[in-house]
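The values are calculated or read from the model by the stated rules, or taken from the named source; none is laboratory data. Please read these numbers as outputs of a predicted model, since none were measured by experiment. We place every Cβ from the backbone using ideal geometry, glycine too, and count neighbours over all the protein chains shown.
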Amino acid sequence: MSDPERTGRRRVRTRAGAAAAALALIAPMAACGTADEGGIPTINLYYAPEENFQQVVDRCNTEAEGRYRIAYRVLPRGADDQRVQMVRRLAAEDRGMDILGLDVTWTQEFAGAKWILEWTGEHRSEVEEGTLEGPLATARYEEKLYAAPKNTNVQLLWYRTDLVDTPPATWDEMIEQASRLKAEGKTHQVITMGAQYEGLVVLYNTLVASAGGRIIDEEANKAVMDEGAVRALEQLQRFATAGITDASFANAIEDPARLVFQSGGGAFQINWPYVYPALQEADPELAEKVRWARIPGVDAGTPSKVTIGGYNLAVSAYSEHPQESFEAAMCLRSAENQKFSAINDGVPPTIESVYDDPEMAQAYPMKDTILEQLQDAATRPRSPAYQNISTVTSAVLSPPSAIDPAATADELREAIQDALDSKGVLP
Amino acid sequence: MSVPTTPVAAEAAAEQTQDSTRKPATRRRGKAPLSEGKKAERRLGLLLCAPAALVMIAVTAYPILYSVWLSLQRYDLKFPDERQFVGLENYVTVLTNEYWWTAFGVTMLITVVTVAVELVLGMGLALIMHRTLVGRGIVRTAALIPYGIVTVVAAFSWRYAWTPGTGYLANLVGDGAPLTERASSLAIIMLAEIWKTTPFMALLLMSGLALVPDDLLKAASMDGASAWQRFTKVMLPVMKPAILVALLFRTLDAFRVFDNIYVLTAGGNETSSVSMLAYNNLIRGLNLGIGSTMSVLIFLTVAVIAFIFVKLFGTAAPGSSEEERR
Amino acid sequence: MAALDNTARAKWRWGLLDVVVVVFALTPVLWIASLSFKTPATLTDGNFIPREWTLENYRSIFATDQFVRALINSIGIALIATAIAVVLGAMAAYAISRLDFPGKKVLVGVSLLIAMFPQVSLVSPLFDIERRLGIFDTWPGLILPYITFALPLAIYTLSAFFKQIPWDLEKAAKMDGATQAQAFRRVIAPLAAPGIFTTAILVFIFCWNDFLFAISLTSTERSRTVPVALSFFTGESQFEDPTGAISAAAVVITVPIILFVLFFQRRIVSGLTSGAVKG
């Protein structure tokens, strides 16, 4: 054995030794981090990034008066990433999470998997009092309450007052108006999200609810796809093939859609309210010409039922401080804090009384339309298998221009039934 | 192989050849005891490999075995009570499913096209990086930057570039939105992949090029060989091991394409790859049984491809045959 | 005269090829850079060169120490993982390409097997193990998987290079009077350099840009690396993509790669010109 080889090995052995030593040093430190400090329980809040939410957390910590201390652990920006982070740790029965910020479509899934605790007694009645019914429905599973709605969200119809006199009351009317503008050679596009993702399911769900149909039954056992659902398919297909959508409709998600409307690429937009303050900042001149209205309905004379989004706060089943977590969660979503978040972070409240507050008027010029839609809201199918349903639905419906109402309805019914039974393969 | 330059060195070389002729004889007899030198060589070999082997096995043994075990079960994380052992049923479900084969086809297409194009472009790029007379440092660094950029960010920038209205490339292809049609979005995905990973090929090929002895090339050109002949008869054979590594690893990676598709089309218009399918079933559907089955199937496909490559390249593979040893 | 013309023409030809390569490689990168300098209002005007310039995006990513922390984590983890992977890989490659021992083919095969298994399935079990060992959300928690998944590439690449090295030169040099150390340093090391540095660059880039392991095996700033930090950037609201900030961050994190490559690219080719194989 030659020298360089021996020295080489010796060098590696010392390096390996150093690495092992480093490991031994760091390993115990890794176990800390989420431990309690000096006897005061730390409540770990896992929530999406919200710019001013830390101030709400601070406020609740002051109110807690030493009973507990909330630590805001930020999750990734994308909803899917947030879910993955939480699911992975819950599946491993991680005791380091206390309050979870759940998107409205995850509550049933987490409840079915027994990852979150039920809200009972006083906690339950406090949450249910004064909260809008739509968001509350998203927090229920099998008649029990599993989360406290923190904020909600609902899309609006935005239109250019210089191109459109009166906002359309139905989708067909909107198609007609847009076609007329197109014939006149003016900007005419209806901009909304149609890529193969959750947003497409939101759009379809709005149409189904507005047409009075159902995708799955109440008990979430059977795929229904009734007559209303089929009419919604027809409407979606009419919309996609009328020649009035933006060129990128079949690949558009929220932000690119906003950007297109913002640069004057359309006459109508169906998108979340966040687009308005963004528009005001980017192009105040254009913002002057933009107004909002309720999303069009499917049938003449019947107002639309719009799909709601938003976030609920749930308590992890593996939390070490469940009682304090319930309390902390209730503080975080109190009326006062919801108002703060609404004004500073642009997230609509779930407690009805907040909408009447005078401070809301300035930050939320569209609050009345929002409230109107919230009071008659539609939720996406509430089932633990929702992720499956969403995946197959968006795959079958994409691209919307290729929909053949009768055939697609059958395809969807079969696919959603498989998804509910957790059979087969997701696309 | 170098030519011994001194008589002493020539003797040493001769000794070496004697050694190698002696050894096969020993092995052929099989039962004969190993020489001390041979035993020491074995010990050294095992010792040198031990740390690497230990690390790799310690980290991946459990996860891989666990995945295979999961693929034999019906296990949906949302319904933990319904877990049961089902043998190969998951495999049947996946292999008879239309979504799987569509994704498989798309993945195969992307793999074959991108690897083929990258091999040619990569070779060209390697030649330029190696032999250019001006601005060597700049070219080499610039050529490697695409590989160094975070994939997701690059994918987003491509998405913006190809969306009409927001990007500079969309205007080059006429009116429609290229990302909303199947054929054009596949082309864009492949372009994004090629742009991103050609440097990987080029780097490996360039280092292979660096080992081609200059005198051999000079000798060949003095013998009247053209540039093309020099390339195919002198450079390529010496580069065979480097080409194998580049091709092998690039193919393995290409088959598992995910990021670019996820950002550019989210799998719409049937542009999903098998990795996206596995991800959807495993992470979104929380169906550990089906998701693990897909992973095992992906692994088996890739293993077959690797096997074919190694067989094709024969003795250029690492760890093979005594004939290569000097 | 003719010789001079030839060299000048050759230079022009190569120069032209250089330009083509640089344009092809850098145009999308410059596009990202231009996005990073655009104001939110002009983000989507489709122009390659920004009409309105701003440094706000760069300022915003350094406003908190979140990004800087992620940079430190990335640099440390990537450097350590690269160093260890190259050393372990070189040792194994040396053994594989020069020595004969039982289980050689098995090792080579198994390491390829590890490289081939889809990582998405491995993350959850790995997360489980790390949580139990207490190395979840730590530097070693990322370094170990990175080494593991970089080793197959390192071993294969280095084996391919070590095979090509004429090892007898070492003996010849010793015959000519050099000591073992001198022989190794002057003769073998320069020939091994191309392989080592190539491997180092590839492993470094792998560790630097990995997203899957980083997002699954970290949860706080303690060990979060840069690609993951990008997914934590917030826009003004839930749906607004912070495109400007992400582009700025992408530009910033490409700089270490550029430096790393610039530093090493000479050494990849310098090996052969150091005089070992002259006729």
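Please determine, by comparing only the residues of the stretch B:197-245 that are acidic (D, E) and out of contact with any Leu (no Cβ under 9 Å at 6 or more places or on another chain), which one is nearest to the other protein chains (Cβ to nearest Cβ). Walk me through it before giving the result.
Start the filter on the stretch B:197-245 by keeping residues that are acidic (D, E), which leaves B:214-215, B:223.
The next check asks that each one be out of contact with any Leu (no Cβ under 9 Å at 6 or more places or on another chain); those that pass are B:215, B:223.
Working: B:D215: 4, B:D223: 15 Å.
That would be B:D215.
Assuming A:Q262 fulfils every condition listed in (1) touching a strand residue (DSSP E or B) at 6+ places or on another chain (Cβ under 8 Å); (2) without any contact (Cβ under 8 Å) to a residue 60 or more places away in the chain apart from one, which condition is it?
Every condition holds for A:Q262 apart from (1).
Residue pairs, Cβ under 7 Å, 6 or more apart or interchain, first in the stretch B:179-193 and in the same structural domain as B:V113 (by TED's automatic domain parsing) and buried (at least 16 other Cβ atoms within 10 Å of the Cβ), second hydrophobic (A, V, I, L, M, F, W, C) and not in a helix (DSSP H, G or I). List them.
As it stands, the answer is B:E193/B:V257, since those pairs meet every condition given.
Name every residue in the stretch C:16-49 that is more than 15 Å from A:A282 (Cα to Cα) and not in a helix (DSSP H, G or I), in order of residue number.
Scanning the stretch C:16-49 gives C:G46, C:N47, C:F48, C:I49.
Report the residue count in the stretch A:42-60 for those that are crowded, with 20+ Cβ neighbours inside 10 Å and more than 22 Å from A:G346 (Cα to Cα).
Matching residues across the stretch A:42-60 total 2.
Just name the residue that is nearest to the chain's Cα centre (by Cα) out of those in the stretch B:286-317 that are more than 19 Å from B:Y66 (Cβ to Cβ) and polar (S, T, N, Q).
The residue in question is B:T301.
When both residues are 6+ apart or on different chains and their Cβ atoms are under 7 Å apart, which pairs have a first residue that lies in the stretch A:369-396 and is within 20 Å of A:Q108 (Cβ to Cβ), and a second that is among the aromatic types (F, W, Y) and not in a loop (DSSP other than H, G, I, E, B)?
Note: pairs meeting the criteria are A:R380/A:Y386; A:T393/A:Y204.
The rows are residues; the columns are (1) surrounded by fewer than 18 Cβ atoms within 10 Å (Cβ to Cβ); (2) modelled with pLDDT of 90 or more.
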site: A:E219; (1), (2): yes, no
site: A:A242; (1), (2): no, yes
site: A:N251; (1), (2): no, no
site: A:L259; (1), (2): no, no
site: A:G264; (1), (2): yes, no
site: A:F268; (1), (2): no, yes
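Do any residues in the stretch A:210-226 that are in a loop (DSSP other than H, G, I, E, B) have Cβ atoms under 9 Å from those of residues that are surrounded by fewer than 15 Cβ atoms within 10 Å (Cβ to Cβ) and among the hydroxyl-bearing types (S, T, Y), where the two are at least six apart or on different chains, and which pairs are they?
Note: pairs meeting the criteria are A:A211/A:T302; A:G212/A:T302.
Residues checked against (1) more than 7 Å from chain C (Cβ to nearest Cβ); (2) hydrophobic (A, V, I, L, M, F, W, C); (3) in a helix (DSSP H, G or I):
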{"position": "B:G122", "(1), (2), (3)": "yes, no, yes"}
{"position": "B:L125", "(1), (2), (3)": "no, yes, yes"}
{"position": "B:H130", "(1), (2), (3)": "no, no, yes"}
{"position": "B:V134", "(1), (2), (3)": "no, yes, no"}
{"position": "B:V139", "(1), (2), (3)": "no, yes, yes"}
{"position": "B:L144", "(1), (2), (3)": "no, yes, yes"}
{"position": "B:Y147", "(1), (2), (3)": "no, no, yes"}
{"position": "B:V153", "(1), (2), (3)": "no, yes, yes"}
{"position": "B:S157", "(1), (2), (3)": "no, no, yes"}
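Which number in (1) within 21 Å of the chain's Cα centre (by Cα); (2) crowded, with 24+ Cβ neighbours inside 10 Å marks the one condition that B:S275 misses?
Of the numbered conditions (1) within 21 Å of the chain's Cα centre (by Cα); (2) crowded, with 24+ Cβ neighbours inside 10 Å, the odd one out for B:S275 is (2).
Residue-by-condition table, conditions (1) within 27 Å of A:A317 (Cβ to Cβ); (2) among the hydrophobic types (A, V, I, L, M, F, W, C):
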{"residue": "A:L117", "(1), (2)": "yes, yes"}
{"residue": "A:G134", "(1), (2)": "yes, no"}
{"residue": "A:Y141", "(1), (2)": "yes, no"}
{"residue": "A:N153", "(1), (2)": "yes, no"}
{"residue": "A:W158", "(1), (2)": "no, yes"}
{"residue": "A:A169", "(1), (2)": "no, yes"}
{"residue": "A:E173", "(1), (2)": "no, no"}
{"residue": "A:M193", "(1), (2)": "no, yes"}
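Taking the stretch C:13-36 only, how many residues are β-branched (V, I, T), within 19 Å of B:A161 (Cα to Cα) and more than 7 Å from chain B (Cβ to nearest Cβ)?
Matching residues across the stretch C:13-36 total 2.
Name the helices (runs of 4 or more DSSP H) wholly within the stretch B:232-321 that hold at least 1 residues that are without any contact (Cβ under 8 Å) to a residue 24 or more places away in the chain?
By residue number, B:236-255, B:274-279, B:288-313.
So which helices (runs of 4 or more DSSP H) stay within the stretch C:71-186 end to end and still have 1 or more residues that are at the interface with chain B (Cβ under 7 Å from one of its Cβ atoms)?
Values: elements: C:104-116, C:119-133, C:139-164, C:168-175, C:180-183.
Where helices (runs of 4 or more DSSP H) fall fully within the stretch C:71-186 and carry at least 1 residues being at the interface with chain B (Cβ under 7 Å from one of its Cβ atoms), they are C:104-116, C:119-133, C:139-164, C:168-175.
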